[in-house]
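Let me give you the structure first, and then I'll get to my questions.
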Amino acid sequence: MRDYIIGPRSGAAGSASAGEGSERETRLRVDRGLLASMALAVYLGQQAEQEGDTMVVRSHMGAYIVSLQLCVGHREPMSSVESARVIVGFGIEGDRHATGEGVRAARQVLLMDEETLEAFGLVHGEVRENITTSGLDPTLLQEGQRLALGGQVVLQITGPCAPCARMDEIRPGLRQELDGRRGMLASVVRGGTIRAGDAIEVLEGAAAS
């Protein structure tokens, strides 16, 4: 999970992130008198620089889960959750598409990256994805690759998700625009609990950006 650390101007190098990733910068405006005590409480060695009354904190991160969504009913809005139980050979508990039977067993979980969503002016869950990611390029994932989410769950990529006619209900022409960019489907090979903020690791091949 992201930890924005307030440290002194000469903060030591280091990172609590999982793997290499993009640099994220958050500006935290704090009272100068509180700066020292806050630094002592949360200082973990991440880089920070002081600019006047603003402390700029830089956190180096790899791929991670931004948000989680469940499909709770046909044509109903996706339900956002902070955590979800993932069941091996079945899918996400409480999700309408969870199943271990037939061809839909290969469509248990849909992953989509927030970078693509933002590029198309879409919000989390709008293309019906279960897991919204950051720092992971789904277009580089191949069938059979496995992803570790948090410390428990492992998913296996089963293929791309073709945009359906419902995408044009969001915006005319969106179905064609999302061709080849609507995320990747996966099945669950190891269950457990996942949470927003959990790290994502590509176990086979390289797809983290």
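The values are calculated or read from the model by the stated rules, or taken from the named source; none is laboratory data. A quick note: this is a predicted structure, and the numbers were derived from the prediction, not measured. No Cβ is skipped: glycine too gets one built from the backbone with ideal geometry, and neighbour counts run over all protein chains shown.
So which of 76, 115, 51 ends up being within 18 Å of residue 126 (Cα to Cα) and modelled with pLDDT under 90? Working first, answer last.
Details: 115 fails: modelled with pLDDT under 90; 51 fails: within 18 Å of residue 126 (Cα to Cα).
That would be 76, the only listed residue that is within 18 Å of residue 126 (Cα to Cα) and modelled with pLDDT under 90.
Within the stretch 76-98, work out how many residues are without any contact (Cβ under 8 Å) to a residue 40 or more places away in the chain and at positive phi.
Adding up the residues that qualify gives 1.
Give the residues of the stretch 161-202 that are touching an Asp or Glu at 6+ places or on another chain (Cβ under 7 Å) and at negative phi, sorted by residue number. Quick ask: steps written out before the conclusion?
So in the stretch 161-202, the residues touching an Asp or Glu at 6+ places or on another chain (Cβ under 7 Å) come out as 163, 170, 174-175, 183, 195-196.
Once the filter is applied, which keeps residues that are touching an Asp or Glu at 6+ places or on another chain (Cβ under 7 Å) and at negative phi, the stretch 161-202 yields 163, 170, 174, 175, 195, 196.
Then there is this: Could you check the stretch 155-181 and list, in sequence order, the residues that are under 21 Å from residue 78 (Cα atoms) and of a type outside the set (A, V, I, L, M, F, W, C)?
Of everything in the stretch 155-181, those that are under 21 Å from residue 78 (Cα atoms) and of a type outside the set (A, V, I, L, M, F, W, C) turn out to be 160, 163, 166, 168, 169, 171, 172, 175, 181.
Let me ask something else about it. Does residue 149 qualify as being out of contact with any Gly (no Cβ under 9 Å at 6 or more places or on another chain), at pLDDT 95 or above and not charged (D, E, K, R)?
On the way: out of contact with any Gly (no Cβ under 9 Å at 6 or more places or on another chain): no; at pLDDT 95 or above: yes; not charged (D, E, K, R): yes.
In short, no.
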